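> My questions will all concern the structure given below.
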Amino acid sequence: NSNVGALIGVAINVKVNACSFTGKVQGNTYVGGLIGVLGNSLISDSYSLGEVSGYQAVGGLVGNAYQTNLLRSFSTGAVSSESEVGGLIGLFQSNSKNKVENCYSLASLRSKQVAGGIIGTMAGGILNNSYFAGQISAEFQAAGLVAKGESNPVI
């Protein structure tokens, strides 16, 4: 039920390029359309059109991304979570200059807690030249780009 992705459950030190997802992915924690947990990696030119749901840290592309770069990618499906949800990434963590850049989301987001159009919770890192044009339904905290920022993210 945790670390669930249509392509990969957990991926460390990988490059994901030109991959896509359509369909449905369900899990508990760290659930992503492509990858559940992604560390020290790169995703580029990839997208999700599917439905992704879980309890915590749910993203259209990645549930939990740390020390990772996400470039030129997008999502358009439905993404839902009880706790935190992001159009692209549920939880993004970086203690360096990792970035989400040239990305967008048209996803429909739903959460009882935190919902961000691009990233649910962002702890460090950089968000650059990205946009959200979907729909958000959240009961607690929501924003078009990043719902919750920690550790001085650069937006």
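> Could you please give the count of residues in region 29-68 that are without any contact (Cβ under 8 Å) to a residue 60 or more places away in the chain, within 18 Å of Asn98 (Cβ to Cβ) and open to solvent by 40 Å² or more (accessible area, probe 1.4 Å)?
Looking only at that region, the number is 5.
One line per residue, one yes/no per condition, for (1) within 14 Å of the chain's Cα centre (by Cα); (2) closer than 20 Å to Asn95 by Cβ:
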residue: Ala6; (1), (2): yes, no
residue: Ala18; (1), (2): no, no
residue: Val25; (1), (2): yes, no
residue: Val37; (1), (2): yes, yes
residue: Val52; (1), (2): yes, no
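> On the given criteria, is Lys148 farther than 20 Å from Ser44 by Cβ and charged (D, E, K, R)?
Against the criterion (farther than 20 Å from Ser44 by Cβ and charged (D, E, K, R)), Lys148 qualifies.
> Looking only at region 104-128, which residues are open to solvent by 50 Å² or more (accessible area, probe 1.4 Å) and either among the acidic types (Asp, Glu) or assigned to a strand (DSSP E or B) (or both)?
Hits for region 104-128 are Tyr104, Ser108, Arg110, Asn128.
> Then there's this: Hey, can you tell me all the residues within region 129-144 that are open to solvent by 60 Å² or more (accessible area, probe 1.4 Å) and either closer than 16 Å to Asn102 by Cβ or in contact with a Ser or Thr (Cβ under 7 Å, 6 or more places away or on another chain) (or both)?
Within region 129-144, Asn129, Tyr131, Ala133, Gln135 qualify.
The values are calculated or read from the model by the stated rules, or taken from the named source; none is laboratory data. Every value quoted in this text rests on a predicted model; they were computed, and no experiment measured them. Glycine gets a Cβ as well: all are built from the backbone with ideal geometry, and neighbour counts include every protein chain shown. All accessible areas refer to the heavy atoms of the entire protein, side chains included, with ligands and DNA or RNA removed. Shrake-Rupley method; radii C 1.70, N 1.55, O 1.52, S 1.80 Å.
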